[in-house]
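Some notes on the structure that comes next.
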Amino acid sequence: MRFRQFSGFARALFLSMVLLGGVLGAQFSHAEAAKPNVVILATGGTIAGAGADAMNSATYQAAKVPVDKLIAGLPQLEKIATVRGEQVFQIASESFRNDNLLALGKRVAALVKQNDVDGIVITHGTDTAEETAYFLNLVVKTEKPIVVVASMRPGTAISADGALNLLNAITVAGSKDARGKGALVVMNDTINSGRDVSKMINIRPDAFQSPWGPLGLVVEGKSYWFRKLDKRHTTTSEFDIEKIDALPLVEIAYAAGNVNDTAYRAFAKTGAKAIIHAGPGNGSVAGTLVPTLQELRGKGLHIIRSSHVNAGGFVLRNAEQPDDKYDWLVAHDLNPQKARILATVALTATNDTKELQRIFMEY
Ligand code: DGL
């Protein structure tokens, strides 16, 4: 029978089926095409850790599981993004060196230039995730989401947090809403700024917190945003990883009661360009320490006062120490480890006290 021999109804039904198929097909291919491309850069840590028993939530070996296995363990990813992985390092993050930061930053900067990359996820140990996230926040010039993710428990433990953390991180990295927000840390359903967040607790899934609060949440494959970082970052930063090939040595000296100057003098001998004074309270400096710090400042080494209080320091210039008179710097609200990252980056650009203090207030 020829097409025109079919009844008018049959012909109309056939044509509408063809049309519907075309629309659905277009929708499907659009949905496929709309899936973001996310690259996972794996560096190690507990999220790649493995313990001997499901009861071992804290006793395990970090940096064991390769990135392809992490991806294979998450079939749900199929719906969220097109993902590929690169094993950049396989280390526990307490072993990160400045060279690791440089290599990772340069790889991120190269990938975000590619049109077939919509976002980056970095799987990382929790110990120094906050440092890496802040470093990338300062030096990678991109609007694309850069998301650092970790876990407090290995994948072998009961109620492991890594799988959902990774799924949430990929959701955020593939989300257009996350563009322009700076480097982020996604853990425990929460999106924090890489600048503000710190590991405040060392044994619970809710370890990562910001003194000024999170930026948003991730719930069932969707990110929800409540605020933005006010400080300069990524595309508004004056620093560019592509123009940085070495990072100066900046050390941290922890000060409590009965402090002496041994560490400060030792750091100066090893060529530190700045010492972060991790002081109590308002970055306070013991009277007995001042002469040594003055001597080291006189030799060109910068002294940067930071606070090691737990829930968020705020070191005010000239408040309890005559910073102007001593030509010292204050780390503002940055904890000692964050202050070290910013000082390390800032000293690639300037050694001038006024310029350095401006940088500490703006980033
Ligand atoms: N070994 C620490 C690290 O790799 C802790 C493990 C973790 O929580 O990632 O940062």
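Derivation of every value follows stated rules applied to the coordinates shown; laboratory data play no part. Predicted model, so just to flag it, every value in this text is computed and none were measured. Ideal geometry is used to build each Cβ from the backbone, glycine not excepted, and the neighbour counts take in all protein chains shown.
Worth a mention:
- Annotation: amide H-H contacts under 5 Å for residue 190 (H modelled 1.01 Å from N, sequence separation of 5 or more, or interchain): 218.
- Eigenvalues of the alpha-carbon gyration tensor of segment 298-363, scaled by 5 and square-rooted, set the equivalent ellipsoid semi-axes at 18, 15, 10 angstrom, largest first.
- When its C-alpha radius of gyration is set against 2.2 N^0.38 Å (N residues), segment 215-265 gives a value of 2.02.
- Relative contact order of segment 103-261, taken over Cα pairs closer than 8 Å and 6 or more residues apart, is 23 percent.
- Of all DSSP beta bridges confined to the chain, the antiparallel ones make up roughly 30%.
- Helix runs (DSSP H) in the chain reaching 27 Å along axis by Cα, Kyte-Doolittle at least -0.5: 8-34
- Per-residue 3J(HN,Hα) values for segment 36-52, derived from phi via the Karplus relation 6.51 cos²θ - 1.76 cosθ + 1.60 with θ = phi - 60°, read x, 9, 10, 9, 9, 9, 9, 10, x, x, 5, 4, 10, x, 8, x, 6 Hz in sequence order (x marks Gly and Pro).
- Computed Kirkwood radius, in angstrom, where 1/r is averaged over Cα pairs of the chain: 22.2
- Between residue 320 and residue 201, full extension at 0.36 nm per residue minus the direct alpha carbon distance yields a gain of 39.9 nm.
- Label reach from residue 263 (point 7 Å along Cα→C-beta): in segment 174-204, no amide nitrogen lies under 14 Å.
- For segment 276-283, Karplus couplings with θ = phi - 60° (6.51, -1.76, 1.60), whole Hz, Gly/Pro x: 7, 7, 7, x, x, x, 7, x
- With the simple spin-label model, which puts each label point 7 Å out from Cα in the Cβ direction, the residue 350 to residue 114 separation comes to 3.6 nm.
- Taking 7 Å steps out from each Cα toward its Cβ at residue 177 and residue 69 produces label points 3.4 nm apart.
- For residue 85, the amide hydrogen comes within under 5 Å of the amide hydrogens of 40, counting only partners 5 or more places away or on other chains and with H modelled in the peptide plane.
- Protection proxy ranking for 256-264, 130-138, 355-363, 163-171, using the average of other Cβ atoms within 10 Å per residue and placing the highest first: 130-138, 163-171, 355-363, 256-264.
- Applying the criteria of a DSSP loop state and at most 15 other Cβ atoms within 10 Å to the chymotrypsin sites (Phe, Trp or Tyr not before Pro) of segment 267-349 yields 314.
- Dmax and Rg, reported as Rg then Dmax, of segment 65-188 (C-alpha, Å): 13.6, 39
- Legend: calculated FRET efficiency, residue 163 to residue 212, from the Cβ-Cβ distance at R0 = 41 Å, rounded to 0.05, equals 0.90.
- Residue-wise HN-Hα coupling along segment 318-329, computed from phi with Karplus coefficients 6.51, -1.76, 1.60 (Hz; x: Gly, Pro): 6, 6, 10, 10, x, 4, 4, 5, 8, 6, 9, 10
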